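Asker: First the structure, which I've put down as structure tokens, then a few questions once you've had a look.
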Amino acid sequence: MTDPALISEVNDRGYAVISMPVNAGDPFEAHRRIADSLGLSDACTPLLYRDPEVRAAVGQVGPYNQIPRDTTSVEPWSEMPGQTFHVDGLLEPLGGIKTTVIHCLTQAHSGGATELYFVCDAFTELSSDAKAAQALLHPEALTRFATITESVPARLRATGPAFGMVDGTLLTRFSDGSTELWNTAQNPDLQRALDYLRGPAAEKHRVKVRLAPGEMLIFRNDRVAHRGCGYTNGEQPRRLTRSMYGAAPSNLAPDGRDRPQSSEG
Ligand SMILES: [Fe+2]
């Protein structure tokens with residue numbers, strides 16, 4: 001049964017936060033339940049984790065992840081650094097992973113929010129500088145690369161536009177950290193766009209969501225960049241679960257027909 005109100009909220013605002021009890025026996029049961037409410041078909045494994053070498057190096061490569069992967073080595077009261085803004089799916093083309101769901105099992109002692117950056121709104125406001133906006137649409141604007149296999153630099157890289165229109169919707173793969181290369185050499189337009197996205201736009205178009213245990217964050221990964229903020233663990237480690245989907249929330253089944261809807265709103 002889909003939940004039309006929740007589907008609209010995620011698609012219109014870019015995200016939603018809901019209450020979802022934690023099932024200690026099966027921490028991913030909540031993900032399957034919400035995916036059903038959002039009309040999402042099966043959770044997907046990102047391209048990076050379908051690579052045999054990466055699969056061998058990283059233990060947990062399915063579509064459902066525990067964060068951190070291994071809590072046994074986490075010291076009480078230890079500090080974890082924050083992430084930089086990114087979209088999930090390092091090797092995916094634009095819009096490859098459309099929906100991400102994060103569920104909080106155990107909260108950090110302090111910090112640990114997820115910060116969302118509404119980069120598509122920021123891009124739209126860049127219309128006064130058409131050349132800068134155009135530079136972000138260029139098919140070689142942004143390269144993302146994995147550092148898992150640094151010895152083979154030509155592998156596990158993906159170059160593409162930072163933004164683009166797909167089926168009439170503006171989508172993004174804006175990511176800006178140590179696994180990104182912006183093609184700004186001799187390209188002052190792209191540099192100007194980047195200065196804007198890193199500076200004034202980022203101040204204006206972002207929000208922090210700190211999940212309590214049993215709360216779930218759903219966001220449009222193809223429209224919103226995000227980052228995990230730094231945190232301090234408590235006596236118990238902070239624990240999240242995550243799942244990702246190639247589809248956006250929708251009342252329509254893949255064949256275009258309406259799905260059954262929940263009457264509870
Ligand atoms: Fe992420």
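Asker: Full-extension gain between R13 and S41, please, as 0.36 nm times their residue separation minus the C-alpha to C-alpha distance.
Answerer: Numbers: separation 28, 0.36 × 28 = 10.08 nm, distance 2.13 nm.
Here the segment from R13 to S41 would lengthen by 7.9 nm.
Asker: Kirkwood hydrodynamic radius (Cα pairs, Å) of the stretch 172-260? Intermediate results must be reported in sequence, preceding the final value.
Answerer: Details: mean 1/r = 0.0586 Å⁻¹.
About 17.1 Å, per the Kirkwood formula over Cα pairs.
Asker: Now for a separate question. Mind pulling up the Rg/Rh value for the stretch 82-151? Radius of gyration and Kirkwood radius, both on Cα. Before the final figure, lay out the partial values.
Answerer: On the way: Rg = 16.0 Å, Rh = 15.5 Å.
When Rh is taken as the Kirkwood radius, the ratio is 1.04.
Asker: Jot down the per residue volume, in cubic angstrom and as a whole number, of the convex hull over the alpha-carbon atoms of the stretch 1-148. Working shown, then result.
Answerer: Values: hull volume 24.5 nm³, N = 148.
Hull volume over Cα atoms, normalised by residue count, gives 166 Å³.
Asker: Same structure, new question: Can you list the residues of the stretch 28-69 with backbone N under 15 Å from a point 7 Å past the Cα of S78, pointing along Cα to Cβ?
Answerer: What the label zone holds, given the 15 Å backbone N cut-off, is 67-69.
Asker: OK, next. Report the relative contact order of the chain, percent, no decimals, based on alpha-carbon pairs under 8 angstrom and at least 6 residues apart. All intermediate terms of the calculation are to be shown ahead of the outcome.
Answerer: Details: 552 pairs, mean separation 106.7, N = 265.
Dividing the mean separation by the residue count of the chain yields 40 percent.
Asker: Ok, one more. Where the only charges are on Cβ atoms (+1 Lys, Arg; -1 Asp, Glu), what is the dipole of the stretch 4-245 about its Cα centre, to the nearest 20 debye?
Answerer: Details: 24 positive and 28 negative charges, 4 e Å.
That gives the stretch 4-245 a dipole magnitude of about 20 debye.
Asker: Hey, with R₀ at 51 Å, roughly what FRET efficiency would T106 and K131 work out to, going by the Cβ-Cβ distance, to 0.05?
Answerer: With R0 = 51 Å, the Cβ-Cβ based efficiency is 0.60.
Asker: To the nearest Å, what is the center-to-center distance of the stretch 68-145 and the stretch 24-56, using C-alpha atoms only?
Answerer: Comparing the Cα centres of the stretch 68-145 and the stretch 24-56, I get a distance of 18 Å.
Asker: Per the Kirkwood treatment, what hydrodynamic radius in Å, one decimal, follows for the chain from the mean inverse distance over all distinct Cα pairs?
Answerer: Values: mean 1/r = 0.0516 Å⁻¹.
About 19.4 Å, per the Kirkwood formula over Cα pairs.
Read the figures in this text as sums done on the coordinates, not as results from a lab. Quantities reported herein were computed from a predicted structural model and do not represent experimental measurements. Glycine gets a Cβ as well: all are built from the backbone with ideal geometry, and neighbour counts include every protein chain shown.
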